[in-house]
Amino acid sequence: MRGSPTILHLDMDAFYASVEQAAKPSLRGKPVVVGGIGPRGVVATASYEARVFGVHSAMATAQARRLCPNAAYLTPRFSLYQQVSGVVMGLLGELSPLVEPLSLDEAFVDLEAGGVEPDSGAVRAVGERLRRDILAATGVSGSVGLAGSKMLAKIASEQAKPDGLVVIEPGTELELLGPLPVRTIPGVGPATAETLRRAGIHTVAETAEAGEAELVRLLGKAHGAGLHALATGHDDRPVVAERDAKSVSVEDTFAEDLTDRTRVQLELARLADRCVRRLRAAGRSGRTVVIKVRRYDFSTLTRSETLRGPTDDPAVVREAAARLLEGVDTTAGVRLLGVGVSGLADYTQEDLFAQARAAEAAGAAADEGGLTDAEGAPETRADDDASPARRWLPGLDVVHRELGRGWVQGSGLGRVTVRFEEPWSVAPGRVRTFAVDEPGLEPAEPVPLIRPSGEGASRGRVAGEPAEGTVRSRA
């Protein structure tokens, strides 16, 4: 535990949903739910307007629709979220060489390592400036927590939400922690919480009062001792700079179980191609190909094959994935497929034994099959649909030959409805409905949330936002 609040935790506010609201003027201030849109879809993020109705992350989309039927239900656009995340992480990197990303929208920063004066006034000023810079650069807001440890900084950012800043002053830690539920402590999941509940332990204060010996008896030596230390405010975990990714993978959950073997093979080939695109975008190659198959009864298995050397060749990865699938029985139905590559390297090596011709034929068959990603897919991209009979998923970007850029509001019965607007549009855009095979309508890549310089005035504050977020401190 440090004597000054020099550990910063940033957590972007309802990140995916906030990005969609910033990108779509017609959705600002309205409930938005991002995630799988099919019968088996799961909510990834809900805007604060949707949370009022009880919608939250990891909830089944079907349940969310019952709670909030008037929300906009959108397919994730991960390429845009990664773009915005890159801007945010770049701003954090300007504060300190020690930045520890936890996800696209969350990170710890060691301000002391960045030369910030170790006093409350200095770190507060840095936190306030960071929030302003993020909003100006991305159009979305984030909440900041500042404390003497990682655990407390994360608690502070949670208390700051949405769009705020909380500083936990040294000497006030135990007063703050005491009444909080035990699930607040890192590492306490449902099973641990239930074990503690049966022992009459519900809050952080009760956890500390139980003593280390009792916690060790209940949870084991390592877990019990660690939990007691955190409950008493002792958290010396350092901020660790970002490490290289160990693997790259993609997966899709299907709206209906796949029972046709050919369809399973074609979907796997498409996933292999998507995985290689991500691999190449990261400038990496890999030597171990992994497939993941979740069957109709939720049983999940993985198979892997290690190549002679690292590759980023889609034909090689497709062929390896197909070989792995040969030993898996899929006749009863498949609800999820995934392809990953591990053993990453910064170079490639030709696999002299790869049957590239067969793999390329499988890839061509996949393209000719015109299969699209299933509803509820966590990695859906507009350019994954190579078929003329496109599936226009809600939220994805399109461009019309005459009307310009827009996004899909919905589709069905041979029609697709598009709202034509861009992030910097001054008012909600107009809506048009077309036949799904409209020749002038094409999938498009997302545009930045802030208009690039030289293309007119940048969009200012998101409509309906306060000029400044509430800044609170805990003395």
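Read-outs: derived from the displayed coordinates by stated rules, not from any lab. The model shown is predicted, which means the values in this text are computed figures rather than measured ones.
Things worth noting here:
- Structure note, pairs K161/K221; K154/K246; K154/K221: Cα-Cα distances above 29 angstrom occur for K161/K221.
- With Rh defined as the Kirkwood radius, the inverse of the mean 1/r over Cα pairs, the Rg/Rh of region 110-255 is 1.05.
- For the pair region 16-35 / region 210-257, the C-alpha centres are spaced 32 Å from each other.
- Surface/4 of the Cα convex hull for region 1-149, nm²: 9.3
- Dividing the convex hull volume of the alpha-carbon atoms in region 188-313 by its residue count gives 198 Å³ per residue.
- Here, region 106-167 is characterised by an Rg to Rh ratio of 0.94, where Rg is the alpha-carbon radius of gyration and Rh the Kirkwood radius.
- Pairs of alpha carbons in region 140-185 whose separation is greater than 13 Å (percent): 52
- The chain gives an Rg/Rh value of 0.99, both radii derived from C-alpha positions and Rh following Kirkwood.
- For region 266-355, the mean projected area of the C-alpha convex hull, equal to one quarter of the hull surface, is 5.5 nm².
- The convex hull built on the alpha-carbon positions of region 406-455 has an orientation-averaged projected area of 4.1 nm².
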